[in-house]
Amino acid sequence: MKSKDCNMIFAGFGGQGILFSGKVMAYAGLIDDKEVSWLPSYGPEMRGGTANCSVCISDEPVGSPLVVAPDVLVVMNKPSYDKFIDSVVPGGKVFVDSSLVELTGEKRKDIEIYELPATKLSNEEHLEGIANMILLGKMADKVGIVPMEAVLKAVEKCVPARKAHLLEHNKRAIELGANYAD
Amino acid sequence: MGKGAERVLMKGNEALAEAAIQAGCRHFFGYPITPQTELSAYMSRQMPKVGGIYLQAESEIAAINMVLGAASAGLRVMTSSSSPGISLKTEGISYLAGSDLPCLIVDIMRAGPGLGGIQPAQGDYNQVTKAPGHGDFHILVFAPSSVQEMVDLVFLAFDRAEEYRVPAMILGDGLLGQMMEPLVFPERKEEGRKKPWATTGHQNSRPKNIVNSLYLKANLLEEKNRERQQRYEKIIENEQRSEEYLTEDAEIVVVAYGASARIARSAVNSAREKGIKAGLFRPITLWPYPKKALGALGEKVKQFLCVEMSMGQMVDDVKLSTSCKVPVAFFGRCGGIIPTPQEVLAEIEKLAGR
């Protein structure tokens, strides 16, 4: 990974907030005055099954918004882990919701894999349904491509007005993830 | 792009819709189809708020004929669809052209032929630039390659369509329509041009206007076509648009438009890092094709590489623009596959003898 750009894939089941996580990250890049792009999968998979999105954050204009070799992978289900794990560039970082994904077999040694029981934590902390934000918090903290304040500000941009009451929950989830011990 | 607080993040489809509203479009007729649906959905939400009309027609054919009706009355009007839907609209587009009516048509291309697939492609190039319907006519075709440019070209497309009294098209694809990117909306400007030809009702205060494409007398129809041809000549003279990137000293120049041009640009950057003198020529108008600029470039480069999400539909236009003086290689993916910068780089390296 060049220090000036970061290509990410967020992947999981539809309904887990995968596209939303990516959108928050893209907005964080925008707030931090970076060039950004966000591209969702919109194929048959979004009509039930897996969802994913590509996010690029860079100092330069973004070329292809489709990420094929991610620096960062955030996964919330096993099919997505299996699909994308080999495409992560050496030295890349992977963030897994270990409540939902059981990693079996040999793990790649040339990348950093962070396993976080995000769904379990969300249930314990009364943050049901936003395990995605816990995982995002961990990722944003470890990757550091944008400052955490930008991520928290981005949530304000992305949570729609009719769900404003969930804003604090989302922020708390991000902070919980960021501060969760490795 | 200017940096600052006014940058917003929007999907290409939604940005097209918002730009049209800001450009004074108050009439939208469409029929949903992936991957342009967010455009229609945005219009359905926003048009009522600005006192405009959003109407989901019973079919694409109905929608384009509603466009014809509204355009006849001199209104800024728009429709959008994706490849199979554009095929259905072609009859109406021909009638619009034959009636000398301005309008904006958006095509967010998907893979074909037939129902094809819903992933991005550029397989409508020949259709929209060569034969967007039956008869002797052309439409303006603009090919943005970023969400910002989608916005900018909406304003330009409406203005030029009205100036020349021709339909205009914005040709995007599923990648540009679905992706979000930062953008800045230009200063708001409303519709300006007077349309003395419009059928607006006149209480017998002037001779009546007739909007029509039927001319049963051959000499009259030929005269009509000749007059229209003169406007096309003016368009070809004045409206060619393109962008060049790192072409000053380039030996190998990639020619690509729309989403393919973004990918090609990344590949050109990588080629430069490897010491290959590569550049990019990006047509912004596909009709009129930027022949003047590409022809001039053809005088000084050794090799062109056409990169498309099709099987090579633009190659002939590159050859014609350069009078076949320079070899034109081709690399393309289709079926909904987006070429990667690595694949394009590999082609550049091959041509450079690496």
On the basis of being surrounded by fewer than 23 Cβ atoms within 10 Å (Cβ to Cβ) and more than 14 Å from chain A (Cβ to nearest Cβ), does B:Glu60 make the cut?
no
Condition met for B:His202 (surrounded by fewer than 20 Cβ atoms within 10 Å (Cβ to Cβ) and part of a loop (DSSP other than H, G, I, E, B)):
yes
What number of residues in region B:76-110 are under 22 Å from B:Ala41 (Cβ atoms) and buried (at least 20 other Cβ atoms within 10 Å of the Cβ)?
19
Please give the number of the condition B:Ala157 fails out of (1) open to solvent by 10 Å² or more (accessible area, probe 1.4 Å); (2) away from chain A (no Cβ under 14 Å); (3) assigned to a helix (DSSP H, G or I).
(1)
Would you mind finding the one in B:Glu237, B:Glu273, B:Glu248, B:Glu233 that is surrounded by fewer than 24 Cβ atoms within 10 Å (Cβ to Cβ) and within 14 Å of another protein chain (Cβ to nearest Cβ)?
B:Glu273
Would you mind finding the one in A:Lys142, A:Lys138, A:Lys163, A:Lys120 that is in a helix (DSSP H, G or I) and loosely packed, with under 13 Cβ neighbours inside 10 Å?
A:Lys163
Do we have any residue at all in region B:84-99 that's within 14 Å of chain A (Cβ to nearest Cβ) and closer than 27 Å to A:Ser41 by Cβ?
no
Hand me the list of strands (runs of 3 or more DSSP E) wholly inside region B:219-288 holding 2 or more residues that are within 22 Å of B:Ala157 (Cα to Cα) and modelled with pLDDT of 95 or more.
B:242-245, B:278-283, B:285-287
Please go through (1) assigned to a helix (DSSP H, G or I); (2) within 14 Å of chain A (Cβ to nearest Cβ); (3) within 30 Å of A:Asp59 (Cβ to Cβ); (4) open to solvent by 20 Å² or more (accessible area, probe 1.4 Å) for B:Met10 and return the number of the only condition it doesn't satisfy.
(1)
Only one of (1) open to solvent by less than 10 Å² (accessible area, probe 1.4 Å); (2) within 14 Å of another protein chain (Cβ to nearest Cβ); (3) not aliphatic (A, V, I, L, M) fails for A:Asp5. Which number is that?
(1)
Among the residues of region A:34-43 satisfying the criterion of being in a loop (DSSP other than H, G, I, E, B) and either modelled with pLDDT of 95 or more or more than 7 Å from every other protein chain (Cβ to nearest Cβ) (or both), which is surrounded by the most Cβ atoms within 10 Å (Cβ to Cβ)?
A:Lys34
Candidate set: region B:300-332, residues that are free of Cβ contacts under 8 Å to residues at least 24 places away in the same chain and either crowded, with 21+ Cβ neighbours inside 10 Å or not small (Gly, Ala, Ser) (or both); chosen: the one nearest to B:Ile252 (Cα to Cα)
B:Lys300
All conditions in (1) within 14 Å of chain A (Cβ to nearest Cβ); (2) surrounded by 18 or more Cβ atoms within 10 Å (Cβ to Cβ) are true of B:Asp152 except (1)
Is it true that some residue in region A:80-93 is farther than 22 Å from B:Ala259 by Cβ, in a strand (DSSP E or B), at pLDDT 95 or above and not small (Gly, Ala, Ser)?
yes
Going residue by residue through region B:173-194, is there one that turns out to be touching a Cys at 6+ places or on another chain (Cβ under 8 Å), outside the structural domain of B:Phe281 (by TED's automatic domain parsing) and modelled with pLDDT of 95 or more?
no
Go through region A:94-117 and give me each residue that's open to solvent by less than 10 Å² (accessible area, probe 1.4 Å) and not in a strand (DSSP E or B).
A:Val101
Residues in region B:339-354 that are buried (at least 17 other Cβ atoms within 10 Å of the Cβ), in a loop (DSSP other than H, G, I, E, B) and out of contact with any helix residue (DSSP H, G or I) (no Cβ under 6 Å at 6 or more places or on another chain) total 2
Kindly indicate whether any position in region B:192-199 is open to solvent by less than 60 Å² (accessible area, probe 1.4 Å), aromatic (Phe, Trp, Tyr), out of contact with any Phe, Trp or Tyr (no Cβ under 6 Å at 6 or more places or on another chain) and not in a loop (DSSP other than H, G, I, E, B).
no
Among the residues of region B:251-270, which ones are within 19 Å of B:Phe142 (Cβ to Cβ), within 14 Å of chain A (Cβ to nearest Cβ) and touching a residue at least 40 places away in the same chain (Cβ under 8 Å)?
B:Ala256, B:Gly258, B:Ala259, B:Ser260, B:Ala261, B:Arg262, B:Ala264
Quick check on my filter: what residues within region B:13-41 are within 11 Å of chain A (Cβ to nearest Cβ), assigned to a helix (DSSP H, G or I) and in contact (Cβ under 8 Å) with a residue 40 or more places away in the chain?
B:Asn13, B:Glu38
Say whether the condition of being free of Cβ contacts under 8 Å to residues at least 60 places away in the same chain, more than 11 Å from chain B (Cβ to nearest Cβ) and under 27 Å from B:Gln148 (Cβ atoms) is met by at least one residue in region A:44-55.
yes
Looking at (1) within 14 Å of chain B (Cβ to nearest Cβ); (2) free of Cβ contacts under 8 Å to residues at least 60 places away in the same chain; (3) hydroxyl-bearing (Ser, Thr, Tyr), which is the only condition A:Ser98 fails?
(1)
Of everything in region A:167-178, what is open to solvent by 60 Å² or more (accessible area, probe 1.4 Å) and free of Cβ contacts under 8 Å to residues at least 24 places away in the same chain? Give them in sequence order.
A:Glu168
Residues of region A:64-93 being open to solvent by 10 Å² or more (accessible area, probe 1.4 Å) and either touching a His at 6+ places or on another chain (Cβ under 9 Å) or among the small types (Gly, Ala, Ser) (or both), which ones?
A:Ser64, A:Ala69, A:Ser87, A:Gly91
Determine whether region B:113-123 contains at least one residue that is open to solvent by less than 20 Å² (accessible area, probe 1.4 Å), farther than 22 Å from B:Leu214 by Cβ and of a type in the set (Val, Ile, Thr).
no
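The values are calculated or read from the model by the stated rules, or taken from the named source; none is laboratory data. Computed from a predicted model, the values in this text were never measured in an experiment. Glycine also receives a Cβ, built like all others from the backbone with ideal geometry; neighbour counts cover every protein chain displayed. Areas reflect the complete protein model, heavy atoms only, side chains present, ligands, DNA and RNA absent. Shrake-Rupley method; radii C 1.70, N 1.55, O 1.52, S 1.80 Å.
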